[in-house]
There are 2 protein chains.
Amino acid sequence: MFKIIKEDKRSSARVGLFTSNHGKVETPSFFAVATQGAVKGLSVKELDEIGIDGLLVNIYHIYLRPGIEVIKKSFSLHNFMGYFRTIITDSGGYQVFSLENFREVSDEGVSFKSHFDGKRIFFSPQVVISAQLDIKSDVVVPLDECIKGSSLYKDAEIATNRTIRWAKKSKEIFDDLKNNGILFFPILQGSTYLDLRKRCIEELVPLSSSGICIGGLSVGEEKDLRYNVLSFINDNVPKNFLRYFMGYGLPGDILEAVSLGVDLFDCVVPTRFARTGTAFTDEGEIVIRNAPYTEDFSPIDKNCSCYVCRNFSRAYIRHLINVNEITGIELLVYHNLYWYKNFMERIKQAIKNDNFLEFKKDFLNKYNKNDN
Amino acid sequence: MFKIIKEDKRSSARVGLFTSNHGKVETPSFFAVATQGAVKGLSVKELDEIGIDGLLVNIYHIYLRPGIEVIKKSFSLHNFMGYFRTIITDSGGYQVFSLENFREVSDEGVSFKSHFDGKRIFFSPQVVISAQLDIKSDVVVPLDECIKGSSLYKDAEIATNRTIRWAKKSKEIFDDLKNNGILFFPILQGSTYLDLRKRCIEELVPLSSSGICIGGLSVGEEKDLRYNVLSFINDNVPKNFLRYFMGYGLPGDILEAVSLGVDLFDCVVPTRFARTGTAFTDEGEIVIRNAPYTEDFSPIDKNCSCYVCRNFSRAYIRHLINVNEITGIELLVYHNLYWYKNFMERIKQAIKNDNFLEFKKDFLNKYNKNDN
């Protein structure tokens, strides 16, 4: 299900081939976020035009609306969405544990209030795995307990141990249910404590055949601690395991993580930034809704060959964003995701050409040159 | 600029060919509304896929944001929007006169407060014509005074006379300025009073070479009075004039108006209905966000061959609308405009085949059969 094609000699970056029930994905890859079953503002046709490799859908949201039963009745999440490439569903853990004041955790699972109608919901390892299998996700992820990066050791240890127990329980349930070709990727927790990370790796790697999720990072910890953990994971997780860093992905962050052996990313950044009027370019992010772009008739990124850059100006997109036209968001999401796709392609090409570190350096120099 | 191709023998319906600086449009046709320079949720590529014949852009909105100067600097509104089919700009009169409490009218023009920043703006015939010529619209429309359908004769007469004076003044300005190939379509006012309509027609038809706008209808008057006026206009405006009914267009209304000699429509209905979760089908409008569609995995309209109906279910679109995903609006706008396009094609075909009245009857029977 995961095969390494090429390894960089001077870093831990690698190119791999990941196969799911819905096709092959060359890694490093970036999956777009389709929280509620759609990428903000785009249709499937546009995702295919851009060449999006796969999507992350949030089981927490889907579970609440439209509900698992509706999707089961349409056969699968893929059928429901009309999307036929790889879909990963997350465990809901991250969302549930973000609802700090509305949840109660026990060893059985977590009880929480729905964010939209206040109804009380209970997520157990069983509920979460069954839901993901019911909708025929390509990669299912067990319920985990995600804690803040600044957590004390004793709190981190409790959460880590619970995550491990839930993952084992989840794997048993997964094995008992129909799971033809569906993959099970446990989530590594343990905050920034390496012994907890080690315990997690030792206990969770045996539960998976081909891949593992990296959780509990980019949740408030310092960057050097994060890289320390990534490096530790890289050294201790089997090389032939796909490493999926969940919810992570500014361009510079992706480059560092790739150099530390990470293969897969998802992140709301390209879509969320679009909604607030920010575009990615090789020369850094530009806040296109700002005044300097009022009469700027050049494309968002002069090096980009996407539909948006070939046809529309910064001035036009700025106007649309400023007058709250959803077409403006749509065009920016399109460009941002295209830019990300192209960015990942360049990373892969650089690894294949044995010049990943040069690419990384050149890219960052150009990307950050306008920062003061 | 307008040529009749085929006339129905049993009604005043006709097929025509309208030519602007940006190509040919076969009529009867429905233009999509791009109030602020974009059709809600769609990109130009999608408009072309659907086969939209042209757009109506509101000069009132464009004047306020991004402003005429910005568009002039990008050469034309077409260039700014990346849209290269016919664009009609309206006069702003309708919008300005909707701001009842914020405007002061005099013979010189109308002073009003911008709806978004409260800044005081003055629209005169000169300002409005210059703005439309500056941005190189295909059809410019002079400032008019639009009053409610229930207005008293004396108020209607004042507004009609002012509309006539402004139209004459506007034509002089239009002739003085560069207007290569741009068309000037005056707006007929006069409420439901036929003598005022007559005066308008007599004074305004000579100002135009090929087309005229029908204003001051569908503003609160009874339907029989409206059809009476349409019929009067049909009898008194030269046959070879394109008749453009502004801001009008439920399907049944379009059929009646076409049978009374109307050639061109624009209306927010297909886009606005989409935003509130209503879809057009041959069997009437369906409120797709409602509960009955929760597990309805059929397409919006089983007879529709648009991208949306070929790929997505009512259940999926209902879900997206209910969780406020803008992709849901986008898909519904796409379908609704495609449905309208197809509807207009069927009208044209029926006129060409000498069975317009049969088509009208059959269509309405089917369309209204679920109404009680």
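The values are calculated or read from the model by the stated rules, or taken from the named source; none is laboratory data. All values derive from a computational prediction rather than experimental measurement. Neighbour counts run over all protein chains shown; Cβ positions are idealised from the backbone, glycine included.
Miscellaneous remarks
- Taking first residues from the stretch B:134-154 that are under 25 Å from B:N79 (Cβ atoms) and in the same structural domain as B:S210 (by TED's automatic domain parsing) and partners that are assigned to a loop (DSSP other than H, G, I, E, B) and aromatic (F, W, Y), the Cβ contacts under 8 Å between residues at least 6 apart in sequence or on separate chains come to B:K136/B:F75; B:V139/B:F185; B:V140/B:F185; B:V141/B:F185.
- Any chance B:G82 is buried (at least 24 other Cβ atoms within 10 Å of the Cβ), under 22 Å from the mean Cα position of the chain (by Cα) and either at pLDDT 90 or above or not acidic (D, E) (or both): no
- Of the residues making up the stretch B:277-291, those that are touching a residue at least 40 places away in the same chain (Cβ under 8 Å), assigned to a strand (DSSP E or B) and either farther than 24 Å from A:R65 by Cβ or more than 23 Å from the chain's Cα centre (by Cα) (or both) are B:F280, B:T281, B:G284.
- Residues of the stretch A:202-220 classified as under 18 Å from the mean Cα position of the chain (by Cα) and not β-branched (V, I, T), total: 8
- Yes/no for A:I326 being within 19 Å of B:E330 (Cα to Cα) and either not hydroxyl-bearing (S, T, Y) or not assigned by TED's automatic domain parsing to the domain that holds A:A13 (or both): yes
- Scan of the stretch B:1-27 for residues that are in contact with a strand residue (DSSP E or B) (Cβ under 6 Å, 6 or more places away or on another chain) and either within 14 Å of chain A (Cβ to nearest Cβ) or assigned to a loop (DSSP other than H, G, I, E, B) (or both), ordered by number: B:M1, B:H22
- Only one entry in A:F359, A:F312 is among the hydrophobic types (A, V, I, L, M, F, W, C), closer than 28 Å to B:R65 by Cα and outside the structural domain of A:D53 (by TED's automatic domain parsing), namely A:F312.
- Looking only at the stretch B:278-323, and only at residues there that are within 14 Å of another protein chain (Cβ to nearest Cβ), under 22 Å from B:L42 (Cβ atoms) and among the aromatic types (F, W, Y), the one that is surrounded by the most Cβ atoms within 10 Å (Cβ to Cβ): B:Y316
- As a summary of the residue check, A:I173 satisfies the conditions (1) in contact with a Ser or Thr (Cβ under 6 Å, 6 or more places away or on another chain); (2) among the β-branched types (V, I, T); (3) in a helix (DSSP H, G or I) except for the one numbered (1).
- 2 or more residues of a type outside the set (V, I, T) and away from every other protein chain (no Cβ under 14 Å): qualifying helices (runs of 4 or more DSSP H) within the stretch A:28-121: A:93-98
- Test: residue in the stretch B:264-274 that is away from chain A (no Cβ under 14 Å), over 30 Å from A:T35 (Cβ atoms) and part of a helix (DSSP H, G or I): yes
- Among the residues making up the stretch B:200-231, those that are more than 22 Å from B:C267 (Cα to Cα) and either in contact with a Lys or Arg (Cβ under 8 Å, 6 or more places away or on another chain) or surrounded by 19 or more Cβ atoms within 10 Å (Cβ to Cβ) (or both) are B:C200, B:I201, B:E203, B:L204, B:L207, B:S208.
- Residue list for the stretch A:324-362, filter: under 17 Å from A:L264 (Cβ atoms), among the hydroxyl-bearing types (S, T, Y) and within 14 Å of chain B (Cβ to nearest Cβ): none
- As for the stretch A:59-74, it holds at least one residue that is farther than 18 Å from A:H22 by Cα, within 15 Å of the chain's Cα centre (by Cα) and either modelled with pLDDT of 95 or more or aliphatic (A, V, I, L, M) (or both).
- Beta carbons closer than 6 Å, at least 6 apart along the sequence or on distinct chains, pair a first residue in the stretch B:70-95 that is in the same structural domain as B:L56 (by TED's automatic domain parsing) and within 18 Å of B:S130 (Cα to Cα) with a second that is crowded, with 21+ Cβ neighbours inside 10 Å and among the basic types (K, R) for B:S76/B:K136.
- Some residue of the stretch A:2-21 being among the aliphatic types (A, V, I, L, M) and under 30 Å from B:S43 (Cβ atoms): no
- Single residue of the stretch B:219-251 satisfying the filter (charged (D, E, K, R) and outside any loop (DSSP other than H, G, I, E, B)) that is nearest to B:P186 (Cα to Cα): B:R243
Each row is one residue, and each column tells you yes or no for (1) under 20 Å from B:G261 (Cβ atoms); (2) touching a residue at least 24 places away in the same chain (Cβ under 8 Å); (3) in contact with a His (Cβ under 9 Å, 6 or more places away or on another chain); (4) acidic (D, E).
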residue: B:I158; (1), (2), (3), (4): no, no, no, no
residue: B:R165; (1), (2), (3), (4): no, yes, no, no
residue: B:D175; (1), (2), (3), (4): no, no, no, yes
residue: B:N179; (1), (2), (3), (4): no, yes, no, no
residue: B:S209; (1), (2), (3), (4): yes, yes, no, no
residue: B:R226; (1), (2), (3), (4): yes, yes, no, no
residue: B:N234; (1), (2), (3), (4): yes, yes, no, no
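- Some residue of the stretch A:144-156 being under 24 Å from A:V57 (Cβ atoms) and among the acidic types (D, E): yes
- Residue check for A:I300: over 21 Å from the mean Cα position of the chain (by Cα) and assigned to a strand (DSSP E or B): no
Residue by residue, here is whether (1) within 30 Å of A:H22 (Cα to Cα); (2) modelled with pLDDT of 95 or more; (3) of a type in the set (V, I, T); (4) out of contact with any Lys or Arg (no Cβ under 6 Å at 6 or more places or on another chain) holds:
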{"site": "A:R197", "(1), (2), (3), (4)": "no, yes, no, yes"}
{"site": "A:I233", "(1), (2), (3), (4)": "yes, yes, yes, yes"}
{"site": "A:D253", "(1), (2), (3), (4)": "yes, yes, no, yes"}
{"site": "A:G277", "(1), (2), (3), (4)": "no, yes, no, no"}
